[in-house]
Amino acid sequence: MASTASTVKAYKGSSDQQDVGRKSSTPGHTRRSSLEGTGFESSSASLDSPPSPIEQSFTYLGVSTAESPLPPLPNPSPALSLVINKINNLHTCPLDWSEYNLSEQDFEELQLREQRNEFGDRHLRYDYSPANRTFALRMPNGAPHEVLTRGTDIEVALALAQIPSQTGISSTAAEFVKGLCNRGSTTIWYPDPFSAVEENKKNIERAPDGSWGQLPMINVYPACIFEVANSQTTKCLENLAREYIFGTRGAVRTVVGFDLGYRTKKGAKMSTWRVKLNSEGSLIGITREIMVVCNKDGQRNQDPEAGLRLSLEDFAFSRPAGTLDGLEKISIFIPVSRLCDILEQGGESRGITRAAFPPPVLPHPARSSRRYNLRSRN
């Protein structure tokens, strides 16, 4: 198996990265073969006959056959054993992010075990930084994290879909919006921007909670990234945002981070980091905006102007001057009340007061006086 570092370098700056599936640093690891581990054998074939070309191909790809079973792996190191045990018990872990110290050799062995389907049908998501040997397991911790991530994706998609039909929108801007794509947790790689030692500048591998980019794949990186963190974990949104932006040299233009459990389990805040460019379009820094979604007592932010506001420039890519001008003047807006609704649906902020924001109501037929409340009952 080729080393992770050398394989990752092959993807750097290549549009092929867009086709890579979750948590893969090798082309053959994009999707697991449904034939893997099935023990292909034919009742009509003699045990002494040489393997067929098809069987030889499966053997080359590392797929077990009756003629050539895969050699057993050595016992994992203590550090890797800890990670494997956590993966095998994901359903018992309440957190969404867990970090471990893992050598590059252990990380490669973990990926090999995943290729061999040792973890069953679990869809693993994880990050790895070779410079500091940090392995972060992104765990599906249930409703709060996933509902907020997917709910925000839906709201962004709905808002973007309305832009082309708005009055005064240029055909160029409308085509730009139609080319935007929800890339989800597609894995990206970039060199460690904060490593002072040259030999440590190996590619970091990350699978963000959500991401948006342009189609066709003009840029190998998404322009806008979403991350959700729980304050009880070591996941630092600010460090992630700075790493995304500086590591991609500004190709990632915007990072939106939700911090759940802000101060207390009922609190939540949202931060938005953006690239700061000079007149020549070069990255010179980062700006940050912070908004409280709900306070420590679970009270909603009642400011009607508060919410997630993103301009089309937040979804754009680096380009020559005079190209796609005016994107910063076109924006989408998700009110904070809607963000609170999504949090409640996930059960993260059950104590949020609802009085200031009555639940939405579906239109009803004229012959009926029945109203249907969309809000779930707790």
Based on the mean of other beta carbon atoms within 10 Å per residue, what is the order of 154-167, 114-127, 240-253, most packed first? 240-253, 114-127, 154-167
Put one equal scatterer on each alpha carbon of region 271-310, apply the Debye formula with no solvent term, and list log10 I(q)/I(0) at q = 0.16 1/Å to two decimals. -0.56
Quick shape check on region 144-204: root eigenvalues a ≥ b ≥ c of the Cα gyration tensor, a/c under 1.5 is rounded, otherwise prolate if a/b tops b/c, else oblate, and it reads oblate
Need the full-extension length gain, Ser170 to Glu146, defined as separation in residues times 0.36 nm minus the C-alpha distance. One decimal, nm. 5.1 nm
Neighbour counts of other C-beta atoms within 10 Å: give me Thr187, Thr323 arranged from fewest to most. Thr323, Thr187
Could you calculate the contour length gain from Lys296 to Leu73, that is, 0.36 nm times the residue separation minus the distance between their Cα atoms, to one decimal place in nm? 75.3 nm
HN-Hα J couplings of region 145-157 from phi, Karplus 6.51/-1.76/1.60, θ = phi - 60°, integer Hz, Gly and Pro as x? 5, 5, 5, 5, 5, 6, x, 5, 4, 5, 4, 5, 4
Taking the simple approach of a point 7 Å from Cα along Cα-to-Cβ for both Phe333 and Ser103, what is their distance in nm? 5.6
With an 8 Å Cα cut-off and a minimum separation of 6 or more residues, compute the relative contact order for region 143-346 in percent. 19
Residue-wise HN-Hα coupling along region 171-180, computed from phi with Karplus coefficients 6.51, -1.76, 1.60 (Hz; x: Gly, Pro): 5, 5, 5, 5, 5, 4, 5, 5, x, 6
Sort all Cα-Cα distances of region 143-346 into consecutive 5 angstrom bins from zero, then give the percent of pairs in each bin up to the one containing the longest distance. 1, 7, 15, 19, 20, 16, 11, 6, 3, 1, 0
For the pairs Lys86/Lys266; Lys178/Lys266; Lys202/Lys329; Lys296/Lys329, flag any whose C-alpha to C-alpha distance is greater than 29 Å. Lys178/Lys266; Lys202/Lys329; Lys296/Lys329
Once amide H atoms are built 1.01 Å from N in the peptide plane, which residues 5 or more positions from Ala306, or in another chain, come under 5 Å H to H? Val336
Would you please give the residues with an amide H less than 5 Å from that of Ser211, counting only those at least 5 places away or on a separate chain, with H modeled from the backbone geometry? Arg183, Gly184, Phe226
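Any read-out appearing in this document is the output of simple, stated calculations on the displayed coordinates, not a laboratory observation. Predicted model, so just to flag it, every value in this text is computed and none were measured. Please note: Cβ atoms are built from the backbone with ideal geometry, for glycine as well, and neighbour counts cover all protein chains shown.
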